[in-house]
Amino acid sequence: MNVSVAGVRLKNPLVAVSGCFGFGREYDEYFDISLLGGVCVKGLNVRGREGNPPPRIAEAPGGCLNSIGLQNPGVEAFLRDELPFLRSKDVAVIANIFGGTAEEYAEAAALIGNAADMLEVNISCPNLKAGGVNFANDPRAAAEVTEAVKKAAKIPVCVKLSPNVTDIKTIALACRDAGADALSLINTLLGMRIDTETRRPVLRMNTGGLSGSAVFPVAVRCVWQAAAATGLPVIGMGGVSGGADVVEMMMAGASAVGIGTVLFQDPAAPVRILRELREWCAAHAVSNVSELTGSVQNY
Ligand SMILES: Cc1cc2nc3c(=O)[nH]c(=O)nc-3n(C[C@H](O)[C@H](O)[C@H](O)COP(=O)(O)O)c2cc1C
């Protein structure tokens with residue numbers, strides 16, 4: 001079951017995604033989180049954030065909408081209060097970071113140093129120096145952040161892409177050319193719901209990010225495009241809810257696969273998903289799961 005992403009070895013391809021797993025403690029009451037290949041922690045910035053006012057999560061067909069607003073305790077509190085628990089577990093630790101400027105991203109990367117195994121750089125954030133346009137929506141801004149983080153980082157850098165763009169290949173290539181060691185995708189799709197009785201948006205921030213099985217085909221398409229365009233290792237995520245989805249995501253080009261919103265339905269889902277993946281591989285005479293990566297036979 002072992003795979004490797006930019007030199008980081010995972011004992012199996014399953015990674016808990018950022019924001020759906022906290023720092024792992026609550027899930028460890030449902031299953032031993034050492035079962036996972038990796039844990040990507042909630043998005044961190046240097047100073048921490050309170051997040052958005054509620055309601056900030058709502059159900060949607062096949063998933064959910066959220067506007068948590070990147071609530072987190074800050075990098076130093078993470079290193080002091082949360083990382084030791086994760087380090088007591090046999091999992092690779094991926095530190096997800098964000099910022100409002102390229103300098104803030106670099107500062108977070110430098111503070112983390114080599115305390116984690118990999119950095120995941122969430123570029124789906126407003127660029128405060130460019131009128132709030134998302135870094136993820138502009139190849140130059142995406143490259144600027146990637147370069148700044150690479151300069152400050154002591155561990156491999158994975159850049160996390162947004163599906164809310166016209167051409168994901170252009171952004172993926174800009175990140176690769178700026179030095180990204182790997183890519184992860186997809187972040188959530190921008191969505192909105194309205195309560196027809198109150199005529200109010202269901203989320204206090206009006207709009208939010210859609211995740212869950214509803215986004216799975218979009219995620220497979222984005223992973224397929226980004227992996228083929230860049231040749232970089234990819235952590236594929238978005239709507240994965242079973243072992244067959246992991247296989248499909250890997251065939252599209254992923255080396256490892258994220259498990260997110262499904263955890264809200266079933267906190268122990270990784271136990272089932274790993275079993276289903278093993279069964280699929282056994283039934284299809286796949287002796288090493290990494291053989292699946294990029295094995296789609298395109299027309
Ligand atoms: C409640 C919630 C919080 C999230 N927080 C973050 C975050 O802090 N940083 C980040 O990069 N992605 C965040 N995401 C996006 C997920 O990591 C993931 O990319 C997305 O949900 C798609 O995967 P899924 O459909 O399996 O959940 C969050 C998603 C959800 C549902």
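The values are calculated or read from the model by the stated rules, or taken from the named source; none is laboratory data. Please read these numbers as outputs of a predicted model, since none were measured by experiment. Glycine gets a Cβ as well: all are built from the backbone with ideal geometry, and neighbour counts include every protein chain shown. Quick note on the areas: whole protein, heavy atoms, side chains included, nothing else; ligands and nucleic acids left out. Shrake-Rupley method; radii C 1.70, N 1.55, O 1.52, S 1.80 Å.
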Does the chain come out rounded, prolate or oblate by the C-alpha gyration tensor, with a ≥ b ≥ c the root eigenvalues, rounded set by a/c under 1.5 and, if not, prolate when a/b is larger than b/c and oblate if not?
-> rounded
Report the label-to-label distance for Phe31 and Asp167 in nanometres (one decimal), using points 7 Å from each Cα along the Cα→Cβ vector.
-> 4.1
Karplus couplings for segment 100-107 from phi (6.51 cos²θ - 1.76 cosθ + 1.60, θ = phi - 60°), rounded to Hz, Gly and Pro as x?
-> x, 9, 4, 5, 5, 4, 5, 5
Mind giving me the FRET efficiency for Ser290 and Phe85? R0 is 35 Å, r the Cβ-Cβ distance, nearest 0.05 is fine.
-> 0.75
Under-25-angstrom lysine pairs by C-alpha in the chain, whenever the two are 8 or more apart or on separate chains | 21
How high is the FRET efficiency between Ala228 and Asp266 when r is their beta carbon distance and R₀ equals 25 Å, given to the nearest 0.05?
-> 0.20
Sticking with the crude label model, points 7 Å out along Cα→Cβ, report the distance from Ala283 to Asn114 in nm, one decimal please.
-> 4.4
Given the chain, what percent of its DSSP beta bridges are antiparallel, to the nearest 5?
-> 40
Give the accessible surface of the chain per residue, rounded to a whole number of Å², with probe radius 1.4 Å and ligands, DNA and RNA excluded.
-> 43
Which net charge results for the neighbourhood of Gln225, defined as the other residues with beta-carbon distances under 14 angstrom from its beta-carbon, given Lys and Arg at +1 and Asp and Glu at -1?
-> +2
Neighbours of Gly243 by Cβ distance under 15 Å: Lys/Arg at +1, Asp/Glu at -1, summed charge -2
Which net charge results when you count Lys and Arg as +1 and Asp and Glu as -1 among the other residues whose beta-carbon is under 14 Å from that of Ala58?
-> +2
Sequence order, segment 196-210: Karplus ³J(HN,Hα) from phi using 6.51 cos²θ - 1.76 cosθ + 1.60, θ = phi - 60°, Hz rounded, Gly and Pro as x, gives 6, 6, 8, 6, 9, x, 6, 9, 4, 8, 6, 10, x, x, 8
At a 1.4 Å probe radius, carbon and sulfur cover how many percent of the accessible area of segment 216-299?
-> 55
